[in-house]
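S.K.: Mind having a look at this structure? Questions to follow.
The values are calculated or read from the model by the stated rules, or taken from the named source; none is laboratory data. Just so it is clear, the model here is predicted, and its values are computed rather than measured. Cβ sites come from the backbone with ideal geometry, for glycine too, and all protein chains shown count toward neighbours. Surface accessibility is based on the protein's heavy atoms, side chains included, excluding ligands, DNA and RNA. Shrake-Rupley method; radii C 1.70, N 1.55, O 1.52, S 1.80 Å.
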Amino acid sequence: MIAIDYLLLIGSVLVLISIVFAKLLDNIGLPTLLLFIGVGMLAGSEGFGGIYFDDPSLAQSIGIISLIFILFSGGLETNWTESKHIAIPAFTLATLGVLLTAIIIALFVMLIFDTTFLWGLLIGSIISSTDAAAVFSILRVGNIGLKGKMRPLLELESGSNDPMAVFLTISTIELLLLPEKSFLGLTLVFVFQIGLGIILGFGGGKIMAYLVNKLKFFYEGIYPVFALSLAIMIYSLTAVVGGSGFLAIYIAGIILGNIQFVHKKALIRFFDGLAVLSQIAMFLTLGLLVFPSRLVEVFGFGLLLSGILIFIARPLSVFITMLPFKFSFKEKLFTSWVGLRGAVPIILATFPLLMGVENSLLIFDLVFFIVLTSSLIQGWTINPIAKLLSLSAPLKRKYQAPIEFSSRNDDDTDLIEFIVPFGSNMAGKQIVDLNFPEDSRIILVVRDEKNIVPSGGTIIEEGDILSILVNKNNLEAVRKTFF
Amino acid sequence: MKISDFLSGGKIIAELKGNTKEDIINELINLYADDEKIVDIEKVRKAVVDREKIMSTGVGKGFAIPHAKTNDVNDIIAAFGKLKEPVNFDSLDKEPVNLVMLLVAKENQVGIHIKLLSRISRMINNEDFREALINAETESEILSVFEEEEKKYI
């Protein structure tokens, strides 16, 4: 056997174990990211698996690739009509809120560890963003229904605040290593990054939709591959020219997810699957990367910093940032609580490690510890807290439609429901005898809430609901069949 | 997924004032004027009225179920109203209508939309239910008629 065979075997077994655990522990509500990290730790050199993995650079690459898919898929599933009226507060949280969190943490680190402000700011920046993967996985996969604007707000915030954290981290490292850099210069870099991210993400999303609609491939399997390469290109191109690739790919996802295009459902499913795999792969890798024994060493300080983050820094920055907006006290409190940290801080913590910053190993372990406690304490209690603040809502009925149909603007077909009136001429007849126009079809009959797949011999009854695929030019002929 | 869940929270009018089809539809939709499920209330009205033009939703037995699918709602909305004086709804049986159930779903809620329509149709078919509805005088009485009836369906 060659090396790749072993790698594949180990990789697939780890993923399968993660899935099995996720299934088994489904009902205790443990955030899945903790579970995957846990499997990684157990498989690692200090666990049962004995796999020695100590390559932050590989872990960083896996993390970045995974984040691309997670953010893109998250964007695709973001409902813009639901989100647009909370976009401004969400983006304020994603920028100003992140900055405030970083600064507050920095001040505390300075006081407690007796360090310079910059060193404190490095830790603050790394843990300043809430994590899209964690928030999405808890709000979307978990059994959580949230009232009104809370869910779109939290998702939009977590999807768009990574660029700020990445920027703050990289800038702080640069200031630490090259003290002559000016803060003004860095601010310009930031504006440039965000600007490019927005422009390229927006443009990229539009072009992607146009191309997917325009190009006709003879083989349907090409579409996801085509979209996949375009998505990766949007990220990498933006990053290469100095913009925020993460922001670009998230925006491209939102744009694409909110316009109609061919094979939309299939593409969304494809990326959803990819995002799930990415999450598992990423958290497994991060679990392998950490050495649990070292986490024990930072227990005291880690817990202290987590407490400061959860109970002081996040609430303070949320309350200050949301001051100009119309949110109730409870909503602000809840937003403070959903300050889940996840993969991004851990990936960011590999940056100082790779760039040779002093004490970077300590930073990595501290950050890892904080992420674990944050997702354990906050992730596990989101549901009860939402209930306590009476912000939880009955879970959105995830009803599987028997038929999925999306009408496109450029054709004449539409799916319309008709109730067979009591006393209708149609009742008691077989479909074949209805004189139905050629280009319209009854595709589903629902009787007493049960689906019946119709055939020519199906007899229509009063009160049946008919789902009819109609040619809009022929509506009159369809209508007549009822009389 | 119960009709009565959608109607609780003041989505019932015991005595509709309108005397045309359009007025009645507007009255019911107005119950959702400040509701966060609505994206654009005018477009919701238009969607329901447009669907009515394709074929009247007066289904006989004095009942009408104006409905539509539109992305101008975020989620399913429903409302119910009664009329003292029956109003012409262009029903197929030409009889005027005194019981009106509004149902609007988002475009991708085809499945749940059909199921709810089917439940309403099933309830209408029950004469005791219609009788009880007509005899109920207040909003809360009407709601409990729905709740009682839906206990039979699981």
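S.K.: With (1) open to solvent by less than 40 Å² (accessible area, probe 1.4 Å); (2) of a type outside the set (A, V, I, L, M); (3) within 13 Å of chain A (Cβ to nearest Cβ) as the list, and B:N108 as the residue in question, which single condition is left unmet?
M.R.: Answer for B:N108: the failing condition is (1).
S.K.: Please indicate, with yes or no, whether at least one residue in the stretch A:448-455 is open to solvent by less than 30 Å² (accessible area, probe 1.4 Å), in contact with a Ser or Thr (Cβ under 8 Å, 6 or more places away or on another chain) and not in a loop (DSSP other than H, G, I, E, B).
M.R.: For the stretch A:448-455, residues open to solvent by less than 30 Å² (accessible area, probe 1.4 Å), in contact with a Ser or Thr (Cβ under 8 Å, 6 or more places away or on another chain) and not in a loop (DSSP other than H, G, I, E, B): absent.
Residue by residue, here is whether (1) surrounded by 20 or more Cβ atoms within 10 Å (Cβ to Cβ); (2) among the aromatic types (F, W, Y); (3) within 29 Å of A:L99 (Cα to Cα) holds:
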position: A:F202; (1), (2), (3): no, yes, yes
position: A:P224; (1), (2), (3): no, no, no
position: A:Y235; (1), (2), (3): yes, yes, yes
position: A:F246; (1), (2), (3): yes, yes, yes
position: A:F261; (1), (2), (3): no, yes, no
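S.K.: Filtering the stretch A:467-483 down to residues that are touching an Asp or Glu at 6+ places or on another chain (Cβ under 7 Å) and within 11 Å of chain B (Cβ to nearest Cβ), which residue is most open to solvent (accessible area, probe 1.4 Å)? Quick ask: steps written out before the conclusion?
M.R.: Step one: list which residues in the stretch A:467-483 are touching an Asp or Glu at 6+ places or on another chain (Cβ under 7 Å), which gives A:467, A:470-474.
Filter once more, so that each one left must be within 11 Å of chain B (Cβ to nearest Cβ): A:467, A:470, A:472.
Values: A:S467: 1, A:V470: 0, A:K472: 89 Å².
Result: A:K472.
S.K.: Check off (1) farther than 26 Å from A:I416 by Cβ; (2) in contact with a strand residue (DSSP E or B) (Cβ under 9 Å, 6 or more places away or on another chain); (3) open to solvent by 20 Å² or more (accessible area, probe 1.4 Å); (4) not acidic (D, E) for B:I142 and give me the number that stays unchecked.
M.R.: (3)
S.K.: Just one of the numbered conditions (1) surrounded by 18 or more Cβ atoms within 10 Å (Cβ to Cβ); (2) modelled with pLDDT under 90; (3) not charged (D, E, K, R) is not true of A:G197; which one?
M.R.: (2)
S.K.: Any residue in the stretch B:63-81 that is open to solvent by 10 Å² or more (accessible area, probe 1.4 Å), closer than 20 Å to B:I25 by Cβ, in contact (Cβ under 8 Å) with a residue 24 or more places away in the chain and away from chain A (no Cβ under 13 Å)?
M.R.: No, because not a single residue in the stretch B:63-81 is open to solvent by 10 Å² or more (accessible area, probe 1.4 Å), closer than 20 Å to B:I25 by Cβ, in contact (Cβ under 8 Å) with a residue 24 or more places away in the chain and away from chain A (no Cβ under 13 Å).
S.K.: Sticking with this structure for a sec: When you scan the stretch A:154-188, how many residues do you find that are open to solvent by 10 Å² or more (accessible area, probe 1.4 Å), touching a residue at least 24 places away in the same chain (Cβ under 8 Å), under 22 Å from A:I88 (Cα atoms) and among the aliphatic types (A, V, I, L, M)?
M.R.: 3
S.K.: Looking at A:L388, A:L395, A:L376, which is the one that is surrounded by fewer than 17 Cβ atoms within 10 Å (Cβ to Cβ), at pLDDT below 80 and away from chain B (no Cβ under 11 Å)? Working first, answer last.
M.R.: Numbers: A:L388 fails: at pLDDT below 80; A:L376 fails: at pLDDT below 80.
From the options A:L388, A:L395, A:L376, the qualifying one is A:L395.
S.K.: Go through the stretch A:299-349 and give me each residue that's surrounded by fewer than 20 Cβ atoms within 10 Å (Cβ to Cβ) and of a type in the set (D, E, K, R).
M.R.: Hits for the stretch A:299-349 are A:K326, A:K330, A:K332.
S.K.: I'd like the residue in the stretch B:26-40 that is more than 14 Å from chain A (Cβ to nearest Cβ) and farther than 16 Å from B:L7 by Cβ and, out of all such residues, is surrounded by the fewest Cβ atoms within 10 Å (Cβ to Cβ).
M.R.: B:A33
S.K.: Checking B:V44 against (1) within 14 Å of chain A (Cβ to nearest Cβ); (2) crowded, with 22+ Cβ neighbours inside 10 Å; (3) in contact with a Leu (Cβ under 8 Å, 6 or more places away or on another chain); (4) in contact (Cβ under 8 Å) with a residue 60 or more places away in the chain, only one condition comes out false. Which one?
M.R.: Of everything listed in (1) within 14 Å of chain A (Cβ to nearest Cβ); (2) crowded, with 22+ Cβ neighbours inside 10 Å; (3) in contact with a Leu (Cβ under 8 Å, 6 or more places away or on another chain); (4) in contact (Cβ under 8 Å) with a residue 60 or more places away in the chain, B:V44 misses just condition (3).
S.K.: If you take the residues of the stretch B:49-62 that are within 7 Å of another protein chain (Cβ to nearest Cβ) and touching a residue at least 60 places away in the same chain (Cβ under 8 Å), which of them is farthest from B:A132 (Cα to Cα)?
M.R.: The extreme case among them is B:V59.
S.K.: Next question. Being in the same structural domain as A:G63 (by TED's automatic domain parsing) and touching a Phe, Trp or Tyr at 6+ places or on another chain (Cβ under 7 Å) is the requirement here; does A:L348 meet it?
M.R.: Numbers: in the same structural domain as A:G63 (by TED's automatic domain parsing): yes; touching a Phe, Trp or Tyr at 6+ places or on another chain (Cβ under 7 Å): no.
Considered against the rule, which asks whether it is in the same structural domain as A:G63 (by TED's automatic domain parsing) and touching a Phe, Trp or Tyr at 6+ places or on another chain (Cβ under 7 Å), A:L348 comes out as no.
S.K.: Might you check whether a residue that is touching a Leu at 6+ places or on another chain (Cβ under 6 Å), basic (K, R) and crowded, with 17+ Cβ neighbours inside 10 Å occurs anywhere in the stretch B:4-18?
M.R.: Within the stretch B:4-18, one or more residues are touching a Leu at 6+ places or on another chain (Cβ under 6 Å), basic (K, R) and crowded, with 17+ Cβ neighbours inside 10 Å.
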